[in-house]
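Working notes for the structure below.
Readers should treat all values here as calculations from the given coordinates under stated rules, not as data from a laboratory. Given the structure is predicted, the values throughout are model-derived calculations rather than measurements. Glycine also receives a Cβ, built like all others from the backbone with ideal geometry; neighbour counts cover every protein chain displayed.
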Ligand SMILES: Cc1cc2nc3c(=O)[nH]c(=O)nc-3n(C[C@H](O)[C@H](O)[C@H](O)COP(=O)(O)OP(=O)(O)OC[C@H]3O[C@@H](n4cnc5c(N)ncnc54)[C@H](O)[C@@H]3O)c2cc1C
């Protein structure tokens, strides 16, 4: 069985920073397992700028930020395995990994979990109606548009006003789509102030606060949504062909759900520890966590 000093699960901003930091702290054999073909994580689909102001003191796109770490990784003798999913992490410090139909066991001394987070789905909300085509989470829509070059729809309602929702509102506007409403249950928009200004105000996106989507209309494809004003209870039906759901992120920790408490050889990095607003904080936290676990 192959044995590593450090196993890093996930090759996003957190995993790359953690692996490099582990190397710098003296770990010889460091392995990153990433289920996507290449490293970068969510940064791969973030073609907008606003990354790196804290860490590099430069305004980079997400892909540029990722590239800086990918270049460092390539020169660091860190082993990177893409298309490789970690299926299990076991108390005896072995892991089960799957790649191209092969399942393999590996052993490790320390493990850094950097699996990011997943998006809260429409099914977690009390929204009635059928489930026609045209309902996407914001991150999925971003991947489809920015990485796969797909067209997700023309007349779009966005539910939730976190950063991903706002960034996608701007992206759709740039692509010539009609963003007919951003619907937010709170009294003001969530996310970073700069995104409110640069993505919503600058593109005149109509905003309905203290409101939520209560029903999706349409059988084969979304035809409209019902939006309820949460203060007055009044409802309006807004015709659209696409509903983008941006209602929060949940740290992805399924691999360690079975542990009552985290053993000293295992630590959480980046968005799987907590949801960070900016990548610079993810990088700093992951570097620190890797240093700490290696000094143990
Ligand atoms: C749309 C959007 C816009 C953003 N805009 C900004 C911005 O303008 N400025 C800024 O600073 N920050 C921004 N951020 C935040 C920042 O990009 C993220 O916080 C950061 O990139 C998260 O890094 P991570 O490594 O923790 O997670 P991720 O990038 O999600 O990486 C986790 C990786 O783990 C892999 N993985 C998960 N489970 C397994 C498994 N079992 N086996 C193998 N691999 C696994 C995944 O495939 C993924 O590649 C934005 C985020 C998003 C989503």
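A Gaussian network model of the chain, with springs between Cα atoms under 10 Å, assigns the largest mean-square fluctuation among 195, 75, 49 to 75. For the chain, find the longest principal axis of its Cα atoms and tell me its angle to the long axis of helix 163-174, 0 to 90°, nearest 10. Between helix and principal axis, roughly 60 degrees.
Shown for 64, 260: other C-beta atoms within 10 Å of each C-beta, ranked fewest to most, produce the order 260, 64. Residues considered: 40, 248, 129. Largest GNM mean-square fluctuation over the chain, using C-alpha springs under 10 Å, is found at 129.
Kindly identify segment 121-247 as rounded, prolate or oblate by the Cα gyration tensor criterion: order the square roots of the eigenvalues as a ≥ b ≥ c, call it rounded if a/c is under 1.5, otherwise compare a/b with b/c, prolate if a/b is larger, else oblate. It is oblate, given that a/c is not under 1.5 and a/b is not larger than b/c. Kirkwood analysis of segment 1-98, using all unique Cα-Cα pairs, places the hydrodynamic radius at 14.0 Å. Across segment 147-265, C-alpha contacts under 8 Å between residues 6 or more apart give a mean separation that, scaled by the residue count, equals a relative contact order of 28 percent. Legend: Rg and Dmax of the chain, from Cα coordinates, 20.8, 64 Å.
Going by neighbour counts of Cβ atoms within 10 Å, the residues 98, 295 line up, fewest first, as 295, 98. Measuring nothing but how far apart in sequence close Cα pairs (under 8 Å, 6+ apart) lie, relative to its length, the chain scores a relative contact order of 23 percent.
Centre-to-centre separation between the Cα atoms of segment 217-241 and those of segment 80-145: 31 Å. Between the Cα long axis of helix 279-295 and the first principal axis of the chain there is an angle of about 30°, rounded to the nearest 10.
Once the chain from residue 121 to residue 188 is taken as fully extended at 0.36 nm per residue, the excess over their C-alpha distance is 22.0 nm. Each peptide among 21-32, 85-96, 4-15, 51-62 gets the average number of other Cβ atoms lying within 10 Å of its residues, and from highest to lowest they stand as 4-15, 21-32, 51-62, 85-96. A simple packing score, the average count of other Cβ atoms within 10 Å per residue, orders the peptides 134-140, 239-245 as 239-245, 134-140, with the highest score first.
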